[in-house]
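In what follows, a single structure is set out as structure tokens and then discussed.
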Amino acid sequence: MNAHLVIAIDGPAGAGKSVFGAALASVLQAMCIDSGIVYRAVTWIALARGLDPDDDTTLSPVAASMNLQIVPPTVQDGRQFTILIDTEDVTWALRTPEIDRTVSRPSALPGVRRAVTEQLRHLARESRVVMVGRDIGTVVLPEADVKFYVTATPETRARRRADELHARGQEADVADILRSIIERDARDSGRATAPLRPAHDAVHIETDNLTVDVEVAFALDVVKRCLRSATAPETNDV
Ligand code: CDP
């Protein structure tokens, strides 16, 4: 059993990275860190305090000092965990269409990215980690043992996001979501600092026609093969 194992998962909005990452982490008994939550938290604070979401000077200290905690679910409403900023439960507040529309702006700011990246790297030192995001394999953890780049067509991704909102009893217009996803992809891929792109050594997974179970089984196989070729036979058991 490998004590230290780092897996990076990147990909565009709604590709299914979070569900996949959580399922893979559970099988590997690893901690799953969804870096998007941190950028969403910075965005939520900016909107709540009326701060300019494009102002790095104001937002990078916010990113460096915010009191963000991820704890076991405090309410049984379909959440996998509860997210607190100070003492406020923001679990669903981080997932509103307003945050979706705004989040790629603070995420493009170099100072905000530096502050978040530093915190993420610190977390990854702990033990077994599956980290999910946009730049994990390229910038945050370029030395990760295994890297995945997960994607799906924009239509599939918009439909999934609409299904998530419906499941929480919220209105969702697939065409609006599709527009918002395409805009966010363009901003995430086009920014100067840490743009969304696959690491050169990432394994690509197209998820349009895959169940999470099949995806996890495939990923486990890749993890085993990567570890086997990188080190001793003991690593067969992941
Ligand atoms: O769940 P979804 O894929 O829609 O988004 P997310 O993973 O929660 O990320 C939200 C936003 O945070 C992205 O659109 C990026 O703008 C930003 N992000 C980033 O820039 N770098 C990361 N490592 C993770 C997220």
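Derivation of every value follows stated rules applied to the coordinates shown; laboratory data play no part. Nothing here was measured: the structure is a model prediction, and the numbers come from that model. With ideal geometry, Cβ positions are generated from the backbone for all residues, glycine too; neighbour counts draw on all protein chains shown.
Please give the peptides 34-40, 56-62 ranked by average Cβ packing (other Cβ atoms within 10 Å per residue), highest first, as a rough proxy for protection.
Details: 34-40: 21.9, 56-62: 17.0.
Descending packing order for the listed peptides: 34-40, 56-62.
With angles folded into 0 to 90 degrees, how steeply does helix 35-48 sit against the dominant principal axis of the chain? Use alpha carbons for both and round to 10.
Taking the Cα atoms of the chain, the angle to 35-48 is about 10 degrees.
Using the alpha carbon gyration tensor of the chain, what are the three equivalent-ellipsoid semi-axes (square root of 5 times each eigenvalue), largest first, in whole Å?
Working: eigenvalues 153, 85, 64 Å².
In descending order, the three semi-axes are 28, 21, 18 Å.
Amide H neighbours of Thr82 under 5 Å, counting only residues 5+ apart in sequence or on other chains, H built in-plane at 1.01 Å?
Val71, Thr74
Name the residue, out of Phe81, Phe148, Phe20, whose mean-square fluctuation peaks in a Gaussian network model built on the chain with Cα pairs under 10 Å.
Phe81
Skipping prolines and chain starts, which residues have an amide H placed within reach, meaning under 5 Å, of the one on Asp173, given they are 5 or more residues away or on another chain?
Under 5 Å from the amide H of Asp173: no residue qualifies.
Using modelled backbone amide H atoms (1.01 Å from N, in-plane), which distant-in-sequence or interchain residues come within less than 5 Å of Leu5's amide H?
Arg128, Val129
Short version: ³J(HN,Hα) in whole Hz for each residue of the stretch 95-107, in order, from phi by Karplus 6.51 cos²θ - 1.76 cosθ + 1.60 (θ = phi - 60°), x for Gly and Pro, what are they?
10, 6, x, 5, 5, 3, 6, 9, 4, 6, 7, x, 5
For the stretch 131-238, what relative contact order do you get, as a whole percent, if you take Cα pairs closer than 8 Å and at least 6 residues apart?
On the way: 91 pairs, mean separation 37.2, N = 108.
34 percent.
Sequence gap at least 6, Cα distance under 8 Å: using those rules, report the relative contact order of the chain to the nearest whole percent.
Once normalised by length, the contact order is 32 percent.
Give me a comma-separated list of calculated 3J(HN,Hα) values for the stretch 158-174, in order, Karplus coefficients 6.51, -1.76, 1.60 applied at θ = phi - 60°, integers in Hz, x for any Gly or Pro.
5, 5, 4, 5, 5, 4, 4, 5, 4, 4, 9, x, 9, 5, 8, 9, 4
³J(HN,Hα) across the stretch 195-211 via Karplus (A = 6.51, B = -1.76, C = 1.60, θ = phi - 60°), whole Hz, x for Gly/Pro?
3J(HN,Hα) across the stretch 195-211, in whole Hz: x, 5, 6, x, 5, 5, 9, 7, 8, 8, 10, 8, 9, 3, 10, 10, 7.
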